[in-house]
Amino acid sequence: MSVALASMEGMNSPADALAQVAADLREMLCGDALAGLSDAGRAEVLAGLGEVSRLADAGVVETVATADAEFGHRFGCRGMNEVLRRTVLVEASAAARIMRAAEAVQRETSLVSGERMPARWPAMREALLDGAVGVAGLLSAIAPLDRARDRITTEQRVWADENLAAFARGDELPDAAEDDRGQAPRASAEDLKQFAAALAIALDPDGAEPTDEQAQARRSITVGRLRDGVHPVRGSLTPEVAAQWKLIEDAYNNPKVSGAPDAGVRFTLDPADADADVADGDLFNSDPRNVIDPRTSAQKRHDALAAALGIAARHGDMPSLGGAAPTLVVHVDASDLAAGTGWATLPDAEAAVPLHVATHTACAGAVQRVLFDEGRIVGITTTDRVFTVHQRRAIVARDKECLIPGCHVPASWCEIHHVTEYARGGPTHTDNGVPLCWWHHRSLGQSGWEIRMDGGLPQIRGPAWWDPEQRWCTPRLSGLERKYRQKRGRERQPSAVLQR
């Protein structure tokens, strides 16, 4: 197609100019010039390539905007979208974005005078053509105002257009206050989106109501069918629900979270009783190699949701289900649970789950044994292994965080793990309970971490890849605390939390 255009337009055609630009770029890329750049040179090249990319966007958009409705048909295509896919080599969604941008900057021809009329967004069109914005920036800037097009006047749209173009270039805004005048950096597509949203709110303050009605209609959560061991989740959250979930996620995954201050009075160690030279950092609780907790951010968000669901199910405000709190029931054969082999099932599940899921659930909850004889229920027994609220509070005060080194999930978010399994005679007592976050509790049997209690204090031993010497360590003790306990011969120190 480019060859045919070149032959029709002559040697000085736009196609020839573009061919020369492409040849220059190709020559630059074929050599090692980019590999030997300094940091400053590399940054300059990235900025230059960004401008070239935006100008290329502008060329594509303007070419589409100036074409007539039959352009695609004359080349055997169903329409402009197919032409773009075949010539520019983009996917259908990218072609649709180009067409939306072309519609925004298109200049119609007057039927009376034959002159070309101004574009709907004339200032943004100029910003596009001089490389200040690309397709993404243009669409981000005009989208919020286009949604309010029936509720703002032409004068308001033109005012917004001028301010958006100035903001995109980093120029002085037309209506900026005296103190805000001056040159600013060019705006990114995200900057333009936020600025346009602010302009839309200023020009259309009543538009929030219909927008909220649309959002309420589109809210949804869908759990898909089991696929490769997981259920895909799709949906849309309203802004306030998304913001609330973000806060919960940050509270769970923030490695430096300290939690709310303790109510009442707490006895703590006096630093004057210990040597100051041991107040160095506690390497046991650090994870500089990122090997203790290799989860991705997405996996951590999943685990935060799992923990939040467990807390919500236990909360007193949760509606009951069948006269009881919503309770996850895991079915497993008693002999399999005792032997540590086999499978477990969940209600309404499409497939079986590993046995350690049942072990994890049993450790944090109650076990109800139902005896069957040829399908008939012949016996029911219930064993409660849930730590009381007072026991949980004491364990949280003692251990502060998930016991696994390097994991800083607050203990108040954690599940309480029986160090000696209940099935093996371990009591539901503070001397046998430690906090583990949802993930480390669920994976404890396969991770290689071991936990034991020594005089009411938890100790932990890591896998060989983490500590080749396989030492038992007492976590969560600062240098001062460790020195203090050594001086006192490991005697128990008074500690208490007085609740109001």
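The values are calculated or read from the model by the stated rules, or taken from the named source; none is laboratory data. These numbers come from a predicted model, not from an experiment. All Cβ positions, glycine included, derive from the backbone under ideal geometry; neighbour counts span all protein chains shown.
Of all residues in region 151-171 being in a helix (DSSP H, G or I) and among the polar types (S, T, N, Q), which is nearest to Gly134 (Cα to Cα)?
Within region 151-171, the match that is nearest to Gly134 (Cα to Cα) is Asn163.
What about Arg225, is it part of a loop (DSSP other than H, G, I, E, B), modelled with pLDDT of 75 or more and either farther than 26 Å from Ala141 by Cβ or acidic (Asp, Glu) (or both)?
yes
Could you check Glu481 against (1) closer than 25 Å to Gly406 by Cβ; (2) part of a helix (DSSP H, G or I); (3) modelled with pLDDT of 55 or more and say which number it fails?
(3)
Can you tell me which residue in region 56-100 is farthest from Pro14 (Cα to Cα), limited to those that are surrounded by fewer than 18 Cβ atoms within 10 Å (Cβ to Cβ) and touching a residue at least 60 places away in the same chain (Cβ under 8 Å)?
Here the residue is Phe75.
Kindly evaluate Gln486 against the criterion of being modelled with pLDDT under 80 and part of a loop (DSSP other than H, G, I, E, B).
no
Go through (1) buried (at least 21 other Cβ atoms within 10 Å of the Cβ); (2) within 17 Å of Cys473 (Cα to Cα) one by one and return the number of the condition Asp431 breaks.
Of everything listed in (1) buried (at least 21 other Cβ atoms within 10 Å of the Cβ); (2) within 17 Å of Cys473 (Cα to Cα), Asp431 misses just condition (1).
Here are some residues: Ala217, Ala243, Ala200. Which one is under 27 Å from Cys414 (Cα atoms), modelled with pLDDT of 65 or more and assigned to a helix (DSSP H, G or I)?
Ala243 is the lone residue from the list that is under 27 Å from Cys414 (Cα atoms), modelled with pLDDT of 65 or more and assigned to a helix (DSSP H, G or I).
Among residues belonging to region 451-461 that are in contact with a helix residue (DSSP H, G or I) (Cβ under 9 Å, 6 or more places away or on another chain) and not hydrophobic (A, V, I, L, M, F, W, C), point out the one that is farthest from Val396 (Cα to Cα).
Here the residue is Gly455.
Can you pull out the strands (runs of 3 or more DSSP E) entirely within region 381-471 that have at least 1 residues that are out of contact with any His (no Cβ under 9 Å at 6 or more places or on another chain) and without any contact (Cβ under 8 Å) to a residue 40 or more places away in the chain?
Those strands (runs of 3 or more DSSP E) span 450-454, 457-461.
Out of all the residues in region 124-141, is one or more over 32 Å from the mean Cα position of the chain (by Cα), buried (at least 17 other Cβ atoms within 10 Å of the Cβ) and without any contact (Cβ under 8 Å) to a residue 24 or more places away in the chain?
yes
Being buried (at least 16 other Cβ atoms within 10 Å of the Cβ), of a type outside the set (A, V, I, L, M) and under 28 Å from Ala304 (Cβ atoms): is that true of Trp465 here?
no
When region 22-59 is examined, which residues are found to be aliphatic (A, V, I, L, M), in contact with a helix residue (DSSP H, G or I) (Cβ under 8 Å, 6 or more places away or on another chain) and under 20 Å from Glu126 (Cα atoms)?
Scanning region 22-59 gives Val52, Ala58.
Okay, residues lined up against (1) at pLDDT 85 or above; (2) within 15 Å of Pro475 (Cα to Cα):
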{"residue": "Glu374", "(1), (2)": "no, no"}
{"residue": "Val386", "(1), (2)": "no, no"}
{"residue": "Leu403", "(1), (2)": "yes, yes"}
{"residue": "Cys407", "(1), (2)": "no, yes"}
{"residue": "Ser412", "(1), (2)": "no, no"}
{"residue": "His418", "(1), (2)": "yes, no"}
{"residue": "Arg442", "(1), (2)": "no, no"}
{"residue": "Asp454", "(1), (2)": "yes, yes"}
{"residue": "Leu457", "(1), (2)": "yes, yes"}
